[in-house]
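*Asks:* First, the structure itself, so that you have it in front of you.
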Amino acid sequence: MRGKARGGALRALLVAALAWTASAGHAAADPQLCFACHGENGNSSNPAVPSLSAQPAQFIATQLIMFREKRRTNPLMSPIAAPLTNPEITALGKFFAAQTRAVPPGKPADDVMASGKRITEQFNCVACHGASLHGQQHIPRLAGQQADYLRVQLQGFKAGTRFDMDGNMTAAAQPLTAPDIDVLAQYLAALE
Ligand code: HEC
Ligand code: HEC
């Protein structure tokens, strides 16, 4: 069931990638083209694709440059970032930073919310990602992000496989256990 849903989601992404390639000239920075994968106004409904709405403009721009320079890679995202110019990247960052993050669809049980909050304080997530976990400058917003995406990124930082510009996040993920990561993913996804 889950496998089937994922297959469907993947196919939708591949169709979007093809549409992108086909849009010759693609006025590359039209944010509408990003909606195909990242959702309307950057509010993703695909568990594997991050929301971009209300992310700090600098974070979006930095990541797009890292994809373009092949320092962060992803088979779907890399070809999209490849042709973007610096002014287009700046404009995309500003556009998505100005969009409103959708209200999360639900909340996990109270004990999950309480442990999530405790972990983000104990391991200083709030010191970098901000008191409300809305991000700042080159540090991403975590509040209201897709839970599956958050889980995969945290597992990747812990394993040292997720791109990390300064090593801070890889270091921050080291003390997290698998259950901590699971709680964090559910907690962060439910925050406004
Ligand atoms: C074909 C699907 C697809 C399209 C179209 C697409 N993206 Fe992405 N994007 C992805 C995927 C998948 C990821 C997650 C990559 C990963 O897991 O490392 C991603 C990641 C990102 C990230 C990193 C976000 C984060 O939280 O780390 C940014 C920024 C981004 N995309 C911006 C854009 C912009 C701007 C556009 C339009 C110009 C765009 N994307 C179009 C699939 C797409
Ligand atoms: C010292 C500062 C710092 C601390 C502490 C920190 N982070 Fe981060 N985090 C970052 C930076 C910087 C990035 C962007 C990394 C990059 O892509 O180069 C990041 C990225 C992330 C991402 C990827 C999000 C995305 O959209 O791609 C997640 C998830 C995350 N942090 C969760 C956490 C959690 C949970 C904690 C606490 C356990 C934490 N962070 C603690 C600085 C920090």
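*Asks:* Once both axes come from the Cα atoms, what is the angle between helix 147-159 and the longest principal axis of the chain, in degrees from 0 to 90, rounded to 10?
*Replies:* Result, in degrees: 80.
*Asks:* Would you mind counting up the charge near Leu188? Only other residues with Cβ under 14 Å from its Cβ, with Lys and Arg at +1 and Asp and Glu at -1.
*Replies:* Values: positive: Arg101, Lys107, Lys117, Arg118, Arg141, Arg151; negative: Glu121, Asp148, Asp180, Asp182, Glu192.
Charge balance near Leu188 sits at +1.
*Asks:* Further question on the same structure: In a GNM of the chain with a 10 Å cut-off on Cα contacts, which of Arg118, Arg151, Arg72 has the highest mean-square fluctuation?
*Replies:* In the Gaussian network model the winner is Arg118.
*Asks:* Add -39500 (n - 2.57) for each DSSP H run of 4 or more in the chain, then divide by its residues: what number comes out at 222 nm, to the nearest 500 deg cm²/dmol?
*Replies:* Rounded to the nearest 500, the figure is -16500 deg cm²/dmol.
*Asks:* Give me the Kirkwood hydrodynamic radius of the stretch 110-189, using the inverse of the mean 1/r over all pairs of distinct Cα atoms, in Å to one decimal. Don't skip to the answer; put the middle values down first.
*Replies:* Values: mean 1/r = 0.0804 Å⁻¹.
About 12.4 Å for the stretch 110-189.
*Asks:* Let me ask another. Given the Cα-Cα distance of Thr161 and Ser45 and 0.36 nm per residue of separation, how much length would full extension add, in nm?
*Replies:* Value of the extension gain: 39.3 nm.
*Asks:* Hey, what angle do you get for helix 57-68 against the long axis of the chain, alpha-carbon based, 0 to 90 degrees rounded to 10?
*Replies:* 60 degrees
*Asks:* Express the C-alpha Rg of the chain as a ratio against the empirical globular expectation 2.2 N^0.38 Å, rounded to two decimals.
*Replies:* That works out to 1.01 for the chain.
*Asks:* Give me the distance in nm between label points sitting 7 Å out from Cα along the Cα-to-Cβ direction at Lys94 and Phe123, one decimal.
*Replies:* Reported label-point gap for Lys94 and Phe123 is 3.6 nm.
*Asks:* If you don't mind, another one. Working from the alpha-carbon coordinates of the stretch 69-121, get Rg over Rh, Rh being the Kirkwood radius.
*Replies:* 1.19
*Asks:* Okay, moving on. Tell me the net charge near Arg72. Cut-off is 14 Å between Cβ atoms, Arg72 excluded, with +1 for each Lys or Arg and -1 for each Asp or Glu.
*Replies:* Within the 14 Å Cβ shell, the charges total +1.
*Asks:* What's the angle, to the nearest 10 degrees (0 to 90), between helix 2-22's Cα axis and the longest principal axis of the chain?
*Replies:* 30 degrees
Computed from the coordinates by the stated procedures, all read-outs in this text should not be read as laboratory data. This structure is a prediction, so every number in the text was calculated from the model and none was measured. Cβ: placed from backbone, ideal geometry, glycine included. Neighbour counts: every protein chain shown.
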